[in-house]
Amino acid sequence: MEFATLRDKAMNYREWLLGRKSEIDPEFPWYPFDTIANMLHLDGLLSGDNRAVFDRLAGQRIADIGAADGDLGFFLESQLGCRLDVVDTSAPNYNGLRGARLLAERLGSEAGIHDVDLDSQFRLPAEHYRAVLFLGLLYHLKNPFYVLETLARHSELCFVSTRIAQLSPDHGTRFAEQPVAYLLHPTEANNDATNFWIFSEAGLRRLFDRTGWEVLDFTTVGNTTDSDPAAQDRDERAFALLRSRHVGE
């Protein structure tokens, strides 16, 4: 399937799922942000042979990690027959994973819904995954090195996105080309205490390398000239497709 076709199917599924959620329970606190829109960013990320990467996931075991209500994972399960694990930590999850469990039940999904403390020395539900979705989660984790290293030992591929920055918050220091990370104050970025580490692009690429990943594709979106770690109007996001160097060990 052409990726553009899968992308369009995802946009149609998004509208269908919004209606389905309203039918299931219009008063339920569903996760309010559009996780399926990540398919639009993946469209801008994937190049060459990587545009066929989802064809290679058909029927394979995948994990949607930091999944919110699991919308994107449920889409891939429905379209590609993926065997899906939804993995998130219930405490910071918007509705305590109740949304993912309710959707799995009402959609007739065979997905496993797993409450895993990703800030602990955790274990994944399965020993091996063909791919993991790891979108928008990295900067919410206290120990991103451990998480990425663990994923590299249990998954062949990883689709990852996270916030990055080029300038310090006072805009006095440009560090885009230095392998660094900025540790946020609990109220500094959107008054959200679950925001922790904002990497520079060089820091993020160093992190991928040190935790066992090869970068297959990489792009950034948003404020790509003078982003900083905290300001909402200076938000820059990196998207990457990674391949584990542990494959075949």
Selection count, region 176-193, where residues are surrounded by fewer than 16 Cβ atoms within 10 Å (Cβ to Cβ) and touching a residue at least 12 places away in the same chain (Cβ under 8 Å): 4
Members of region 6-47 found to be free of Cβ contacts under 8 Å to residues at least 12 places away in the same chain and open to solvent by less than 60 Å² (accessible area, probe 1.4 Å), listed by number: Gly19
Condition test on Glu27, is it touching a Leu at 6+ places or on another chain (Cβ under 6 Å) and of a type outside the set (Phe, Trp, Tyr)? no
Identify, please: which residue in region 195-223 is of a type in the set (Ser, Thr, Tyr) and closer than 18 Å to Leu148 by Cα and is, among those, surrounded by the fewest Cβ atoms within 10 Å (Cβ to Cβ)? Thr211
Say we look at region 99-120 and pick out the residues that are more than 27 Å from Leu6 (Cα to Cα) and touching a residue at least 24 places away in the same chain (Cβ under 8 Å); which of these is surrounded by the most Cβ atoms within 10 Å (Cβ to Cβ)? Leu118
For the subset of region 121-175 comprising residues that are among the charged types (D, E, K, R), touching a residue at least 24 places away in the same chain (Cβ under 8 Å) and not in a loop (DSSP other than H, G, I, E, B), which member is most open to solvent (accessible area, probe 1.4 Å)? Arg153
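The values are calculated or read from the model by the stated rules, or taken from the named source; none is laboratory data. The model shown is predicted, which means the values in this text are computed figures rather than measured ones. Note: ideal-geometry Cβ built from the backbone for every residue, glycine included; neighbour counts use all protein chains shown. What goes into the accessible areas is simple: the full protein's heavy atoms, side chains included, and nothing from ligands, DNA or RNA. Shrake-Rupley method; radii C 1.70, N 1.55, O 1.52, S 1.80 Å.
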